[in-house]
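A short reminder: the numbers here are calculations on the coordinates, not readings from a lab. These figures come from a predicted structure and were not determined experimentally. Neighbour counts run over all protein chains shown; Cβ positions are idealised from the backbone, glycine included.
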Amino acid sequence: MKTDILAVPRGFWSLLTGMRVTLSQFFKPIVTVQYPRQTLKMPPRYRGHIELILDPETQRSRCTACKLCERACPSDCILVEGAKFEGEKKKSVTQYELDFTKCSLCGACIEACPSDAIKFSREYNLASTSKEGYHYDLVKRLAEEKERKSL
Ligand code: SF4
Ligand code: SF4
């Protein structure tokens, strides 16, 4: 019987404690992001999948298709092909495929690149119902980026 009598003030105290926590949170700044209407700005060290860099001077990729990134990748998820066009001394990248399902974001490819041609993207809005949805054509992505910037 003694326990039953104490249950009421204990319950009331518990209610007050809960209300106190609710009230204290009520006056703090909102930290919840209403995704996807609102998005976060990724910090500089965030690692999205790799992407080709658009050289601001030439408006082209700096990749010479040397394949060092392909060889450095421990997960075998890069495929690079290139061609030497008329009047050019070096090869240019014609195909750069990334299988992101196997990528561990280790950064070995970026470190191996002698031309500073690739970087980690800030991409995090990634969703797909198939594995193929995570196979990226980085040459195509670069062309799209160039088009966006020229608008
Ligand atoms: S970050 Fe690592 S695993 Fe991903 S593509 Fe580059 S080398 Fe391969
Ligand atoms: S991204 Fe860099 S390492 Fe990879 S093929 Fe191009 S130039 Fe070579």
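Note on LYS28: lysines with a C-alpha under 28 Å away, same-chain residues under 8 apart excluded, are LYS41. As a rough guide to protection, the peptides 96-102, 25-31 ranked by mean Cβ packing within 10 Å, highest first, stand as 96-102, 25-31. Helix 138-150 and the longest principal axis of the Cα set of the chain meet at an angle near 80°. The dipole here belongs to the chain: it is taken about the Cα centre, uses +1 on the Cβ of Lys and Arg and -1 on the Cβ of Asp and Glu, and is about 700 debye. Candidate cross-link partners of LYS67 among the aspartates and glutamates, defined by an alpha-carbon separation under 20 Å and a same-chain spacing of 8 or more, comprise GLU51, ASP55, ASP76, GLU81, GLU88, GLU97, ASP99, GLU111, ASP116, ASP137. Based on the alpha-carbon gyration tensor of the range 42-91 and its eigenvalue square roots a ≥ b ≥ c, which shape applies: rounded if a/c is under 1.5, prolate if not and a/b is larger than b/c, or oblate? It is oblate, given that a/c is not under 1.5 and a/b is not larger than b/c. Counting only alpha carbon atoms, the long axis of helix 2-26 and the longest principal axis of the chain meet at about 40°. Based on Cα contacts under 8 Å between residues 6+ apart, the chain shows a relative contact order of 25 percent.
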